[in-house]
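The values are calculated or read from the model by the stated rules, or taken from the named source; none is laboratory data. All figures in this text were calculated on a predicted structure; none of them were measured in a lab. Cβ placement follows ideal geometry from the backbone for every residue including glycine, while neighbour counts extend to all protein chains displayed.
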Amino acid sequence: MAITVLSNLVDDSDIQASERVIDMAPEIADLEKDLTQFTTMLMKVSSKAAFSSKVEWLEDQLFPRLSTLAASATSAAGTITVATGEGAFFRKGDIVRVATTGEAVAVSAAPSTDTVGIVRSWGTTGAASAASGVDLVIIGNAAPQGGTLGVRKVTKRVAQYNYCQIFRHPFGFTETLAASKLYGGPEPQKESRKKAVEHKRAIEYALFYGGRDVDTSVFSSTEPTFGMGGLLEFCGSNQVKDPSGAMTATEFENFMRDGLQAGSENKILFAAPLVKQIISSYARDNWVRSTPGQKLWGIPVDGFISGIYGDRIPVVVKRDWNEFQNTSSQYGSWAFLVDMQSVVFRPLRSTKLLNDRQANDADEKTSEYLTECSFQVEQASPASGLGHHLIIKNATASV
C-alpha cells in the first residue's frame, strides 16, 4: 500500500470520503402531503359495503308542479303548448297560474300530448296573452263534488348504477436492498407510507373525476375492466355552472342558490385554491375563516360561506388542484358543492396492504395496496328540477 504524506494543516478535503459521517435527517421530507379530504370524510361518515361489482340504487321525486310555455298564447287561445314531454304533468281539473300575467286557467281535459286544453280567466284575473318560455305553475287540482277519481298519475322511479373499480399500487425491491440499513428506515417500509398516500389520492380523484365504464378490450384482457364514475360523470348540465372566467359575487351567489335548493343542509364546497381566492375576495360577509384546528369529521376546514337559504357551508380547499391549469375550463378553476347525505362510499374490498406478491422463486419483496370500490351519487341530475350537487368550472378571476 502506497503511503501518502500530508504536510502542514490538514483540512476536511484531505480525508477519505468514506470516513465522513453523513449528516442525514432521520425523516424524509415529502413534497406532497395526504390531501384526500373527501375520501377521508366518506370513509368516516358515509360508507356502506358493496356486494357486487355493480352497485345500484333507485331515485324518485315529487310529481312536477312547474312547466313552461313552448309557444306564445293569445288571450283567446283555448289550448296552450307546453315544453316537450311536459304535457304529462297536467291533469283535468288542474288550476294553473301563468307567472307573467297572473291569469289562472283550468285544464279542461287530460292531455295526451304537449297541447293542453284550458278554460280561461279562472278567478278574478282576465285572459291575457303570454310569451313563450314563461312559467306555468300547477297550483293544485280542483275536483267536482260527486266526481270520479280522474286520471291517476305517479312518477316512475329511475334506476341508477355505478361500477366497482379496482385500484392497485404495487411496489417492490430486491431482498438485498430490503435487508440493507438505510437512512429514513428500511425499504419497503418507506415506500409503503408513500404508496398509501398515492393509493388514496387515486381514489379521491376518481370520486371527483372518474369515468363510469366497462370494457374487455382496452387493456388487452379477456376479463372486464370496470371504471367508477365520479361526481363529474353524474352531474347533468343543469348542475354545472360556468362563469366563463370572471365570477362576480352575485353570480357566485346565484350558483349557490341553485346548488342549495334541493337536498339536505349538510353540504361542503371542495374548491381549487383559485376559486377559494375568488370567493374570499368578495367585499361581503359571506366568507368566514375557520378557527385554528377547526375540523369536520376529522378534516381541517378552511372557512365557511353563508348561503342564500341561511346555510353555513364549510369550504375545503383542495391544495393539490393548484397544480392544475385554470385556463380553458381546466380543473384548477373548479369547485364541487357536495351534499354529503346524497353520496355513499361503496367498498367491495376495503383497502389492504398485501405483502409477498412476488413470484415464489423471486429474490425480491413485492407488496401492493389494493381497493375495489364504487361511489353512489344520488339525485345528481334529476329528470326535472335541480339536483343535490353542483359544479362550478372556469372561474378564473373575481370582479
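Given the condition touching a residue at least 60 places away in the same chain (Cβ under 8 Å), touching a Leu at 6+ places or on another chain (Cβ under 6 Å) and within 15 Å of Ala395 (Cβ to Cβ), answer yes or no: does some residue in the stretch 278-300 qualify? No, the conditions are met nowhere in the stretch 278-300. The criterion of being touching a Ser or Thr at 6+ places or on another chain (Cβ under 8 Å) and assigned to a loop (DSSP other than H, G, I, E, B) holds for Ser132. Quick check on the stretch 39-49: of everything there that is within 17 Å of Ser342 (Cβ to Cβ) and touching a Lys or Arg at 6+ places or on another chain (Cβ under 8 Å), which residue is surrounded by the fewest Cβ atoms within 10 Å (Cβ to Cβ)? Applying the filter and picking the extreme gives Lys48. Considering the stretch 110-129, the residues that are within 39 Å of the chain's Cα centre (by Cα) and either aromatic (Phe, Trp, Tyr) or part of a loop (DSSP other than H, G, I, E, B) (or both) include one that is modelled with the lowest pLDDT, namely Ser112.
It is to be established whether one or more residues within the stretch 195-203 are among the β-branched types (Val, Ile, Thr), assigned by TED's automatic domain parsing to the domain that holds Met43 and within 30 Å of Ala49 (Cα to Cα). Looking through the stretch 195-203, at least one residue is among the β-branched types (Val, Ile, Thr), assigned by TED's automatic domain parsing to the domain that holds Met43 and within 30 Å of Ala49 (Cα to Cα). Taking first residues from the stretch 27-55 that are modelled with pLDDT of 90 or more and partners that are polar (S, T, N, Q), the Cβ contacts under 7 Å between residues at least 6 apart in sequence or on separate chains come to Ala50/Ser374; Val55/Asn162; Val55/Ser374; Val55/Gln376. None of Phe226, Phe173, Phe219, Phe255 is surrounded by fewer than 14 Cβ atoms within 10 Å (Cβ to Cβ) and in contact with a strand residue (DSSP E or B) (Cβ under 7 Å, 6 or more places away or on another chain) except Phe219.
Which condition number does Thr68 fail, the rest of (1) at pLDDT 95 or above; (2) of a type outside the set (A, V, I, L, M); (3) closer than 18 Å to Val154 by Cα being met? Just one mismatch for Thr68, condition (3).
Applying the criterion of being polar (S, T, N, Q) and in a strand (DSSP E or B) to the residues of the stretch 135-175, the residue that is farthest from the chain's Cα centre (by Cα) is Thr174.
When you check Asp320 against the structure, is it among the charged types (D, E, K, R), surrounded by fewer than 21 Cβ atoms within 10 Å (Cβ to Cβ), touching a residue at least 24 places away in the same chain (Cβ under 8 Å) and outside any strand (DSSP E or B), yes or no? Answer is yes for this residue.
To keep it simple, each residue is scored yes or no on (1) out of contact with any Lys or Arg (no Cβ under 8 Å at 6 or more places or on another chain); (2) among the basic types (Lys, Arg); (3) within 30 Å of Pro64 (Cβ to Cβ).
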residue	(1), (2), (3)
Ser220	yes, no, no
Pro224	yes, no, no
Cys235	yes, no, yes
Ser244	yes, no, no
Arg257	yes, yes, yes
Lys267	yes, yes, yes
Phe270	no, no, no
Ile313	no, no, yes
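In the stretch 98-133, what count of residues is obtained for those that are closer than 13 Å to Ser67 by Cα, surrounded by fewer than 16 Cβ atoms within 10 Å (Cβ to Cβ) and not polar (S, T, N, Q)? Here the count works out to 2.
Scanning the stretch 346-374 for residues that are part of a strand (DSSP E or B), in contact with a Pro (Cβ under 7 Å, 6 or more places away or on another chain) and either modelled with pLDDT under 95 or among the basic types (Lys, Arg) (or both) gives Lys365, Thr366, Ser367, Glu368. A single member of Ile313, Ile299, Ile308 is among the aliphatic types (A, V, I, L, M), at pLDDT below 95, over 20 Å from the mean Cα position of the chain (by Cα) and assigned by TED's automatic domain parsing to the domain that holds Asn254, and it is Ile308.
Of everything in the stretch 189-211 that is modelled with pLDDT under 95 and among the aliphatic types (A, V, I, L, M), the residue that is nearest to Ala271 (Cα to Cα) is Val197.
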